[in-house]
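Novice: My questions will all concern the structure given below.
The values are calculated or read from the model by the stated rules, or taken from the named source; none is laboratory data. Values in this document were obtained by computation on a predicted structure and should not be read as measured data. Here the Cβ positions follow ideal geometry from the backbone for every residue, glycine too, while neighbour counts run over all protein chains shown. Surface areas here come from the heavy atoms of the whole protein model, side chains and all, with no ligands, DNA or RNA. Shrake-Rupley method; radii C 1.70, N 1.55, O 1.52, S 1.80 Å.
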Amino acid sequence: MIVPIRYIETLPGKAAHLFLFSDGNRYAVKCKNNFHGTRELVNEYVVARLGQLLNLPVVPFEIVTMTEKQIQQIPKKFSSHYQPGKQFASLFIDNCIGLAKKPPRPTINELNNPHILAGILVFDYWVHDADRTKSNILLKRHPDGQYDIHMIDHGKCFPGGYKWNAETLQKSKKFKKESIVHVWTVDMLNDLNIITSYIEKILALSDVSIEEVIQDIPVDWNVSNENKVALFKYLKERKKTLAESVYTFVKKYLN
Ligand SMILES: Nc1ncnc2c1ncn2[C@@H]1O[C@H](COP(=O)(O)OP(=O)(O)O)[C@@H](O)[C@H]1O
Ligand SMILES: [Mg+2]
């Protein structure tokens, strides 16, 4: 188990704090009872686990335990309401950029795995990630000029986002704002079959593996049994409308 050694800085957005950990790596830590609420950690965790099941490039993460004393290393203006216990930590990926607001952007040939973008798009529709902004994918440029893509920040997933509950999950929500990352993805898409294959991959994900993820949510993140059941039901039900909503979006932007 890794433990935090030293606080380094607070990252843009003020909810993630960079720490050096005992394995020698830096992690961006989001803490219990932050200003978004502890649901942010639940969403980060559940969505990261589901993303891993689909081989999507979710940044490696750990659930870490932090004591009151370790939390106090974070400036009080951010941390005064934080609670000791389990926290969500994602491995800090160095030297990345987000997606540029306007072109020029990496071209399809400059991406090491461009298909993965279609996977992210379909996945975001499944988990209702309303926050795939230009800052929430990381592009890491290698010396050969090629880019890797990493996914971060799944705090605002599921209908209801930071405040989801059994009731909000039942409301079928459309995204208020289209994601610049999703539009960029479709703009580069040259084969609808890639989208279809990711839809099939999600549909094929077994109930048992989804249930396992939900059962593994740390107890001290306070998700009631009723809400766990509702989350499972949301993920299962959403599969039924996934293809239609993804294709509707894709057709709108396909060249
Ligand atoms: N694992 C990570 N690796 C690299 N940068 C990160 C990582 N996690 C967060 N960041 C940086 O910190 C910013 C804020 O983190 P994020 O998880 O997006 O929180 P918020 O909910 O505040 O948007 C990101 O836009 C990114 O620049
Ligand atoms: Mg973010």
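Novice: Can you tell me which residues in region 130-174 are out of contact with any helix residue (DSSP H, G or I) (no Cβ under 7 Å at 6 or more places or on another chain) and open to solvent by less than 40 Å² (accessible area, probe 1.4 Å)?
Specialist: Correct list: Asp131, Asn136, Leu138, Leu139, His150, Asp153, Gly161, Thr168.
Novice: Another question, then. Residues of region 120-169 being in a helix (DSSP H, G or I) and of a type in the set (Asp, Glu), which ones?
Specialist: Of all residues in region 120-169, those in a helix (DSSP H, G or I) come to 120-127, 161-163, 168-169.
Once the filter is applied, which keeps residues that are in a helix (DSSP H, G or I) and of a type in the set (Asp, Glu), region 120-169 yields only Asp124.
Novice: Considering only region 94-104, state which residues are among the aliphatic types (A, V, I, L, M) and either surrounded by fewer than 17 Cβ atoms within 10 Å (Cβ to Cβ) or part of a strand (DSSP E or B) (or both). Can you show your working first?
Specialist: Restricting attention to region 94-104, the residues satisfying the condition of being among the aliphatic types (A, V, I, L, M) are 97, 99-100.
Within region 94-104, Ile97, Ala100 qualify.
Novice: While we're here: Residues of region 172-197 being within 14 Å of Cys157 (Cα to Cα) and hydroxyl-bearing (Ser, Thr, Tyr), which ones?
Specialist: Hits for region 172-197 are Ser172, Ser179.
Novice: Related question: Using the structure shown, decide if Glu40 is within 13 Å of ligand 1 (Cβ to nearest atom), touching a residue at least 40 places away in the same chain (Cβ under 8 Å), among the charged types (D, E, K, R) and not in a loop (DSSP other than H, G, I, E, B). Let's see the steps before the verdict.
Specialist: On the way: within 13 Å of ligand 1 (Cβ to nearest atom): yes; touching a residue at least 40 places away in the same chain (Cβ under 8 Å): yes; among the charged types (D, E, K, R): yes; not in a loop (DSSP other than H, G, I, E, B): yes.
Criteria met by Glu40.
Novice: Looking for something away from ligand 1 (no atom under 16 Å from the Cβ), of a type in the set (Lys, Arg) and outside the structural domain of Pro218 (by TED's automatic domain parsing) - is there at least one such residue anywhere in region 151-171?
Specialist: no
Novice: Any residue that is more than 16 Å from ligand 2 (Cβ to nearest atom) and open to solvent by less than 20 Å² (accessible area, probe 1.4 Å) - is there at least one of those in region 25-35? Let's see the steps before the verdict.
Specialist: Filtering region 25-35 for residues more than 16 Å from ligand 2 (Cβ to nearest atom) gives 25-26, 32-33.
Next cut, open to solvent by less than 20 Å² (accessible area, probe 1.4 Å) only: 32.
Yes, because at least one residue in region 25-35 is more than 16 Å from ligand 2 (Cβ to nearest atom) and open to solvent by less than 20 Å² (accessible area, probe 1.4 Å).
Novice: Considering only residues that are more than 8 Å from ligand 1 (Cβ to nearest atom) and either over 21 Å from the mean Cα position of the chain (by Cα) or closer than 16 Å to Asn33 by Cα (or both), which ones fall in region 11-21?
Specialist: His17, Leu20, Phe21
Novice: Tally up the residues in region 61-93 that are within 16 Å of ligand 1 (Cβ to nearest atom), assigned to a strand (DSSP E or B) and not aliphatic (A, V, I, L, M), please.
Specialist: Of the residues in region 61-93, 5 are within 16 Å of ligand 1 (Cβ to nearest atom), assigned to a strand (DSSP E or B) and not aliphatic (A, V, I, L, M).
Novice: Would you say Leu54 is outside the structural domain of Leu169 (by TED's automatic domain parsing) and more than 11 Å from ligand 1 (Cβ to nearest atom)? Steps first, answer last, please.
Specialist: Details: outside the structural domain of Leu169 (by TED's automatic domain parsing): yes; more than 11 Å from ligand 1 (Cβ to nearest atom): yes.
Yes, satisfied.
Novice: Being closer than 24 Å to Tyr45 by Cα and at pLDDT 95 or above narrows it down to one of His182, His142, so name that one. Talk me through it step by step, then tell me what you get.
Specialist: Values: His142 fails: closer than 24 Å to Tyr45 by Cα.
It is His182.
Novice: What pairs come up if the first residue lies in region 105-122 and is open to solvent by 20 Å² or more (accessible area, probe 1.4 Å), the second is of a type outside the set (D, E, K, R) and part of a helix (DSSP H, G or I), and their beta carbons are under 6 Å apart, counting only those six or more places apart or on different chains?
Specialist: Pairs that qualify, where the first residue is open to solvent by 20 Å² or more (accessible area, probe 1.4 Å) and the partner is of a type outside the set (D, E, K, R) and part of a helix (DSSP H, G or I), are Ile108/Met188; Pro114/Ile108; His115/Ile194.
Novice: Every residue in region 186-227 that is closer than 24 Å to Phe88 by Cα and open to solvent by 30 Å² or more (accessible area, probe 1.4 Å), please.
Specialist: Residues satisfying the conditions are Val208, Glu211, Glu212, Gln215, Asp216, Val219, Asp220, Asn222, Ser224, Asn225, Glu226.
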